[in-house]
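*Asks:* Sharing a structure, written as structure tokens. Questions coming.
The values are calculated or read from the model by the stated rules, or taken from the named source; none is laboratory data. As the structure is a prediction and not an experimental result, all values here were calculated from the model. Note that we place each Cβ from the backbone using ideal geometry, even for glycine, and neighbour counts take in every protein chain shown.
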């Protein structure tokens, strides 16, 4: 797989575009959803915002994970020695765990957030924003470290 990614004239750029599309879907959706969870645009019902954006974020995450494996295979040796890779992977893992915990804890009560958002839930939303932006930043900087 790594040889194909390195040798093909179109594979790496095409997979990189898929990775970028996944990043836009995930981070864009999470940015809007997390800001809404933090209280921005309260006139929009949170359950509707969540039901619209969560599937887009999941599609983005799946695209990122699949394309990320392919991109990694093209440069596995140097990437394994890159000091930012463990941080990127850690931020991704923490972002996924945070999202799963958030869904498990708050999904049944999400409609109540339109009136009073729990402090711990808002802290999870803020953490989500920071984790996904940190993962994206580390991923971008991998090429320069």
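*Asks:* Taking the conditions exactly as written (loosely packed, with under 14 Cβ neighbours inside 10 Å, at pLDDT below 95 and in contact with a helix residue (DSSP H, G or I) (Cβ under 6 Å, 6 or more places away or on another chain)), does residue 107 satisfy them or not?
*Replies:* Criteria not met by residue 107.
*Asks:* Next up: Taking the stretch 39-53 as the region of interest, how many residues are surrounded by fewer than 16 Cβ atoms within 10 Å (Cβ to Cβ) and either closer than 17 Å to residue 125 by Cβ or touching a strand residue (DSSP E or B) at 6+ places or on another chain (Cβ under 7 Å) (or both)?
*Replies:* 10
*Asks:* Could you pull out the residue among 67, 107, 128 that is touching a residue at least 60 places away in the same chain (Cβ under 8 Å) and either over 30 Å from residue 7 (Cα atoms) or under 17 Å from the mean Cα position of the chain (by Cα) (or both)?
*Replies:* Just a single option satisfies the conditions, and that option is 128.
*Asks:* Can you run down the residue pairs with Cβ atoms below 6 Å, 6 or more apart or on separate chains, where the first is in the stretch 18-33 and within 17 Å of residue 68 (Cβ to Cβ) and the partner is at pLDDT 95 or above and surrounded by fewer than 17 Cβ atoms within 10 Å (Cβ to Cβ)?
*Replies:* Once the first residue is within 17 Å of residue 68 (Cβ to Cβ) and sits in the stretch 18-33, its partners that are at pLDDT 95 or above and surrounded by fewer than 17 Cβ atoms within 10 Å (Cβ to Cβ) give 25/59.
*Asks:* Run down 95, 77 and say which single residue is surrounded by 15 or more Cβ atoms within 10 Å (Cβ to Cβ) and either modelled with pLDDT of 95 or more or at negative phi (or both). Can you show your working first?
*Replies:* Working: 77 fails: surrounded by 15 or more Cβ atoms within 10 Å (Cβ to Cβ).
From the options 95, 77, the qualifying one is 95.
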